[in-house]
Each structure stands twice: as structure tokens, then as C-alpha cells.
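**Q** This is the structure I have questions about; it appears just below.
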Amino acid sequence: MPNINSARFIDLLLRRRYYAPKLAVLGVLTIVFGWSATKITFNFEFEQLFHQGNEDLLFYEAHVERFGYDNDYLTIILEPSADLYDSAFLASAKNITTALRELETIDFVFSPIELPKLIATPTGLTAFPLLEDPGRYTADQQFIASDPLLSELIPSDYLALLVYHQHLDNVQGTQLNERVVAMITKEGLSYRLIGRIPGEQAFLGLIKEDFLVFLLASLVACVFVLWMICRRLALTLMPLLVSGLTLLWTFGLMGLLGIPISIMSSLLPPIILFVSSSDTIHLISALRNSADRRQAIEKVFFPTFMTSITTAVGFFSLLVLPVAPLQAFGLLAGIGTLLAFVITYLLAPNFPVRYRQGRRMDRRTFEQYASWLWRREQPIALITLLLALGGAYFTSRLQVDAYLLEDLPESSEVRSNFNWADDQLGGSKPWEIALTVGQDYAWWDLEVQREVSKITRFAEEVLGATHILSSSKAVEYANYLANGQLELPERLTAKTLLRAKQLVHQLRVPLLAADESQGRISGLIPEWGSEATQLRNHQLAHYIDEHVDPHVLSYRLTGSTYMIDKSHELLARDIVFSLLLAIAMVSLVLGLYFQSVKTAFIALIPNLVPLLIIGGVIYCLGLPIQLSTSIIFALVFGIVVDDSIHFLATYRNATGTTSEERVLYAMNTAGRGIINTTMVLVSGFAILILSNFGATHYLGLFLCLSLLIALGIDFTLLPILLRWTKLKGRRGG
């Protein structure tokens, strides 16, 4: 694709009579996008992390229709200052319970201290009040300690209120969270809040905080870095203006499309600002190294167009990851990259500034460096090969694992509360399994309950789930009330069955579908990490396959926790596909641009090496791949290939007769722009290290490291490959 194809277009860009219309178009679009950018909202929901378009999600959605969301609850832990059975504490707890029930978004409030004392009678269960008369608190306490159900629900050092609420969005969740805190604060009690709403509120707050920090820090860093590179106010303003407009237009597009700022799109400010400035920096470098503006623009127009395409391809490859925040990030970052190219060449060619002849790097310095490089090319190539092979080995051993709440800072109150729940309650994450009764059986048949009991006991004793709710446990407790034995009876009498159904009804938690053909077992599990949780789930599935009669009862793991963990399990496959797609698309673009398979291959090699090395570094640091860091490989590949394109494009246009002369020309001409753009990008991605999210912190760190490695490869391995292959330029040699 020779540069002659761009001659007419560049002539149009440079004609002064089109300058005013271009400014008018830019101004109108900026006003429109600026107005729509004011409509951007923030959003975080755990359901956004689900892997889209698979059978598990379809089943989960049907399960939710029958039983509701398994994580639409809030656990309120009230901690007494002295004794749980203090009358003032219990009175305050009852006041809070009453106030909660008056909220319209609350479906049901379960308070253990309101549970009655159940006595089995010939007509069923008879309920007697507990904890109503302070004079009987001692006797009530003794009864609670002796009862297997009440003793589990009412420990001695805290009171857990279980609040089931409607499925709320972030705004409604914030309002409910604030009302609950106000109620408890009014009573003067110490408390902990555990559940989806406080978790989402913590993430949402940090997303807003990160976005603001990233935006302000990016703007300050962008001004500083560009000033250090350009050293003139007018030259600094041009890339800054391009970057600012690109960011504004991208946000405006988000507002028009109704895309909120999520855990991933909060990364856009530094990425858009610094990636978009690279085209302008290369253009400025060309203008300062050439006396003719048109010739300078023609020299870099197609290389910057190609680098914009390859970078956008890297971002767009994230669209194959079927997780909504990743797709939105890939789409917006890719579009922002292309917008930056358009804005650069609409604005920069007519920008009112004189370009003084820039000081090139000393050719003698490059000659000395090249001489040193040629003498050591074999050891350098060997070391690079060994690093790549070692990186490939360790990268292949990377595991996808996620500790979602560990992304929160250690000082986070919400993280502390969830950790407390894992230690004291035995779990903070909902666990769920769906059950379907066989055609020849009814749900309350003893044969069915025996199979339900097998699964329940395995989940408790081996899997480690706690606070399990199942129909078999209701039957066991009904048998305990009648016979003093907490186990399934040998024969299920009508009275025992009636009592079990009464217990299930009193729990107010849907355990059965309306037609009683399907049921569920639910409980809590600790934060083991997605990999360990999936291993335990596989262990449970193996046990059920071996010990539960499928003709009596069939099963399927589901629930919000399962869906998030399953998404991370599938992420490894998706990452590989995304990266392979990016490599294939970039290879195609390079082949079309250079019109040479050999050149495209040479361009790919030094850009795959940094990916392998950084994968090895991640493994050696003992860090898993998770949602936020899953983008690193496709993102890095799309960005680092830009420098190789500029180097190769300059090399092919060089006038030297030997490959060594053309390498020196490329270093001396494009080298400064490559170093500058790398430093700009490193400065931008370094801002991500300031993130409150652990995964984003490491993402910024590894992006910076990848870019520095790629810069080193472009000035070592790439010249060696060009010398060995004796790649010819367009102008001879």
C-alpha cells in the first residue's frame, strides 16, 4: 500500500480553505458529545460478570424465575455491648426489625429472636413465645441452647437479621443501604452489613474514586509528559487538544449509547489520553525532522493509520470475551483509538505553529550502539530466545482464579465484614443447587428426601457449606420435635410431613417450585477463590453421580456465585481465542500494509516475545489471571506492535544500500518518536498502579513492564532480525 495513495487526501488536509469547515465540524461534534457526556452514569452489579450466551446462564435465569435471586438478601449483624440477652439490646433489635419491615423494597425480615418455641402436638406444631418476658430470659436462653435449630441461629455473641429485599439497581441499593445504616445508628448498636448491596456499594464507590483519580492524574501527567517531549507550549497543546477531544468524544459516545462507567471502563481516561497522543507525537517528530510539511505528513500518515488499526484490533478482540464490562471496554477503547487518528489529521496539519528543526539523536551514538549490537547479536538473540521459551512455559501454567472481594483494599470495611462472615458464619457467598424430582416420585416422598439428605450432608461435611436450607433438614427437625432424633425417620408419617411443611412455610424462603416438581438447596460458602470453589463443586458433582439415584432426583449447580466462578473458569479459553484473533487480524493488516509476508512475520516476532515474558513474570509472582488482568495480553499486543510498524516503515523507506545503513536510518529517524511514545504510554499506564483495586494495580504494572520490554526488543532483536534476513527497502538495497 504505497504512500502515493494518500497524496490526494493529504492535499485536502493541507488546503487552508477547508480549515474553517473542519473546525466547524469538530466544534459541532464536540458540543454534541460534550452534552451527551454529562449523561454518563456509574454502575456495578455482580451479574455483569456473568459469562453470556451459555447454557448455564439460561438455566440460571429460569431458576431465578422460579425461586428468585439467591443473593437478594442483606445480613445485618448486631453486636451487643455486653450480653445478647440484655433487655435493652433485644428491644433495640426488635425496633430495627419493625422499621425494616416498613420499607417498601423489603420482602421479608427474618429475626431469630422472633422464632417461637415449637412443641409437637397431635394436631401439628404449637408455637409458644420466646424472649418476650425479661423475667424468663434465663429459661429461654437454656431452651435455645438445647435446641439444635435455635442454638445455630442464635449464638451468644451476636444477632444476625436476615433481610430479603427486591432485586435493586445501584440507586435503589444505595438508598436501602443508607436507610438501614440510619436505623441501626439511631438505636446506637454496633453492626456489620454483609450481602450483595454493601458489596456492590463498595465496588461502586471505588469505581467512582478510581475514575476521578485516573482522570485528574491522567490530565496532569499528560500535560507534564508532553511538555517534557515538546518543550514548547504550542507543540504541547496540539497532542493535548487531540487527546482531550478524543476522551470527550468517547465519553459522549458512552452517553449516547447509554453505556455506564463500570469496573473496566473506569480505566479509559489514562488509556485514551495516552494512546491517542501517540499519533500526534509521531506526526510532530516527522514535522520537526522535515522542512516540507506535506512530505512529513505523507511519511507518517499510513504508518500511524496502520498503528491505529492494530491498536484498535487489540481492543476490539476483547469483544469475543462474553463478559459485558470487558466487551464495553474493548469497544470504547477501540473506537477511541480510531477517533484519535481522525481528530489528529483533521486538526494537526493546519495547527497554527511553526515546527523548528528538531534535534535528532546523535548518529554517531547510534553507530557506536549498532557496532556494539552487531558484535553481540548471537548472545542477544540466544538470551531473547531463552526468555521467550521460559516465558512460554510459565505462561502455559497460568491459572485463572478470582478472589472478588480481595480486589478491595485491605482497609475496606466491607472486605473486613465479609472476612468476618467467613470466619464466624462459615461463609459470606451464596451457594445453590437446583433439584428436579423423578417422574415416578413426589417431592415429599421419603425416597426423595433421602437423596436430598445425601446432598445436604455432603455439602455440609465435605464441601464446607454452612447455614444450609433444604427440605430434608425440615423433615429431620420435624422428626426431632416428635421423637428427639435429628435425622430422617424410617417412615414418613402424615404428622411429621405436616410439621416439615409448616417449618418450610415459616422460613419464608422458597425451597420448592409451585408445582413441587423442582426444589433447591441453598447455603453459604467462604471465599475460597473461583478455582478452589469449582474444584469443590466438581467433587460434589462426582459424589452425586456416584451416590444419588438419577431416577429419583436429578441436579444442576447454579446460583450467582457459581455463575461468576464459572465465568472465570471459561475465561482461560476465551483469553487464548481473543489473543489468537488479535494476532491473526494484526498479521493480516501488516501483510496488506507492507505487501510482504516476510515483513509482517518479522514485525510479529519482537511483539510476541514481550507477551511471553510478561506471562512468565505473572506466573513467577504467583498471581492468577482474573477479570481485570485478562485484557493484558490482547491489549499489550495491539499497542506494542505500533513501534515495530514505525520502525519497519522507516526502514523500508530508507535510502541506504545495506540493511545496516537502513537500520541506522530507522533508529535516527523513527527512534526518537518510538522512545517518546513508549515513555508517554508508560507514564499513562503507570497511573493505573494508583488504583484501589488490586487487579487494576497489577494491570498497570504489567502494562508498563510490557511496554519497556517491547522497547528493548525493538532496539535489539528487531535490528538483528532485519540484518539477518537482509530485508530490502523500497528504495533499493
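**Q** Considering (1) assigned to a helix (DSSP H, G or I); (2) of a type in the set (A, V, I, L, M); (3) without any contact (Cβ under 8 Å) to a residue 12 or more places away in the chain, say which one I96 fails and leave the rest.
**A** Among (1) assigned to a helix (DSSP H, G or I); (2) of a type in the set (A, V, I, L, M); (3) without any contact (Cβ under 8 Å) to a residue 12 or more places away in the chain, I96 violates only (3).
**Q** Which one of these does L189 not meet: (1) among the hydrophobic types (A, V, I, L, M, F, W, C); (2) at pLDDT below 90; (3) more than 30 Å from F693 (Cα to Cα); (4) touching a Pro at 6+ places or on another chain (Cβ under 9 Å)?
**A** Result: L189 passes all but (2).
**Q** Here's a follow-up. Determine, yes or no, whether L346 is surrounded by 11 or more Cβ atoms within 10 Å (Cβ to Cβ) and modelled with pLDDT under 85.
**A** yes
**Q** Could you list, in sequence order, all residues of the range 206-223 that are touching a residue at least 60 places away in the same chain (Cβ under 8 Å) and either open to solvent by 10 Å² or more (accessible area, probe 1.4 Å) or not in a helix (DSSP H, G or I) (or both)?
**A** If the condition is that a residue be touching a residue at least 60 places away in the same chain (Cβ under 8 Å) and either open to solvent by 10 Å² or more (accessible area, probe 1.4 Å) or not in a helix (DSSP H, G or I) (or both), then L206, K208, E209, F211, V213, A217, A221 are the ones that fit.
**Q** Being among the small types (G, A, S) and farther than 27 Å from L245 by Cα is the filter here, so list the residues in the range 30-53 that pass it.
**A** Result: G53, single match.
Yes/no per residue for (1) open to solvent by less than 40 Å² (accessible area, probe 1.4 Å); (2) part of a loop (DSSP other than H, G, I, E, B):
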{"residue": "P409", "(1), (2)": "yes, yes"}
{"residue": "N419", "(1), (2)": "no, no"}
{"residue": "W431", "(1), (2)": "yes, no"}
{"residue": "D440", "(1), (2)": "no, yes"}
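**Q** Next question, about the same structure. From the list L648, L722, L635, which residue is within 21 Å of I575 (Cα to Cα) and open to solvent by less than 10 Å² (accessible area, probe 1.4 Å)?
**A** Among L648, L722, L635, only L635 is within 21 Å of I575 (Cα to Cα) and open to solvent by less than 10 Å² (accessible area, probe 1.4 Å).
**Q** Next question. Tell me which residues, restricted to the range 671-700, are open to solvent by 10 Å² or more (accessible area, probe 1.4 Å), assigned to a helix (DSSP H, G or I), over 17 Å from L273 (Cα atoms) and not β-branched (V, I, T).
**A** Selection gives R672, G694, H697, Y698.
**Q** Out of the range 72-88, which residues are among the hydroxyl-bearing types (S, T, Y) and more than 38 Å from the chain's Cα centre (by Cα)?
**A** Across the range 72-88, the qualifying residues are S81, Y85, S87.
**Q** Hey, any hits in the range 600-611 for a residue that's in a helix (DSSP H, G or I), open to solvent by 10 Å² or more (accessible area, probe 1.4 Å) and not aliphatic (A, V, I, L, M)?
**A** Yes, the range 600-611 contains a residue that is in a helix (DSSP H, G or I), open to solvent by 10 Å² or more (accessible area, probe 1.4 Å) and not aliphatic (A, V, I, L, M).
**Q** Right, next: Cβ-Cβ distance below 6 Å, separation of 6 or more or different chains: which pairs start in the range 440-465 with a residue that is farther than 13 Å from G523 by Cβ and among the small types (G, A, S) and end on one that is open to solvent by less than 60 Å² (accessible area, probe 1.4 Å) and in a helix (DSSP H, G or I)?
**A** Going by the 6 Å Cβ cut-off, the qualifying pairs are S453/S472.
**Q** Mind counting the residues in the range 455-491 that are basic (K, R) and either assigned to a helix (DSSP H, G or I) or in contact with a Lys or Arg (Cβ under 6 Å, 6 or more places away or on another chain) (or both)?
**A** Matching residues across the range 455-491 total 2.
**Q** Ok, one more. Can you list residue pairs whose Cβ atoms sit under 6 Å apart, with the first residue in the range 467-495 being free of Cβ contacts under 8 Å to residues at least 60 places away in the same chain and charged (D, E, K, R) and the second being open to solvent by 40 Å² or more (accessible area, probe 1.4 Å) and in a loop (DSSP other than H, G, I, E, B)? Count only pairs 6 or more apart in sequence or on different chains.
**A** Once the first residue is free of Cβ contacts under 8 Å to residues at least 60 places away in the same chain and charged (D, E, K, R) and sits in the range 467-495, its partners that are open to solvent by 40 Å² or more (accessible area, probe 1.4 Å) and in a loop (DSSP other than H, G, I, E, B) give E476/L486; E476/E487.
**Q** Given the criteria touching a His at 6+ places or on another chain (Cβ under 7 Å), assigned to a helix (DSSP H, G or I), surrounded by 21 or more Cβ atoms within 10 Å (Cβ to Cβ) and not hydroxyl-bearing (S, T, Y), does A710 qualify?
**A** Considered against the rule, which asks whether it is touching a His at 6+ places or on another chain (Cβ under 7 Å), assigned to a helix (DSSP H, G or I), surrounded by 21 or more Cβ atoms within 10 Å (Cβ to Cβ) and not hydroxyl-bearing (S, T, Y), A710 comes out as no.
**Q** Exactly one condition in (1) touching a helix residue (DSSP H, G or I) at 6+ places or on another chain (Cβ under 8 Å); (2) open to solvent by 20 Å² or more (accessible area, probe 1.4 Å) is not met by M228; state its number.
**A** For M228, the failing item is (1).
**Q** Out of the residues in the range 61-84 that are open to solvent by 20 Å² or more (accessible area, probe 1.4 Å) and hydroxyl-bearing (S, T, Y), state the one that is nearest to P510 (Cα to Cα).
**A** Y69
The values are calculated or read from the model by the stated rules, or taken from the named source; none is laboratory data. Here the structure is a predicted model, which means the values were calculated and not measured. As a convention, Cβ positions derive from the backbone with ideal geometry for all residues, glycine included, and neighbour counts pool all protein chains shown. Ligands, DNA and RNA are stripped out before the accessible areas are found, and what is left, the full protein with its side chains, is counted by its heavy atoms. Shrake-Rupley method; radii C 1.70, N 1.55, O 1.52, S 1.80 Å.
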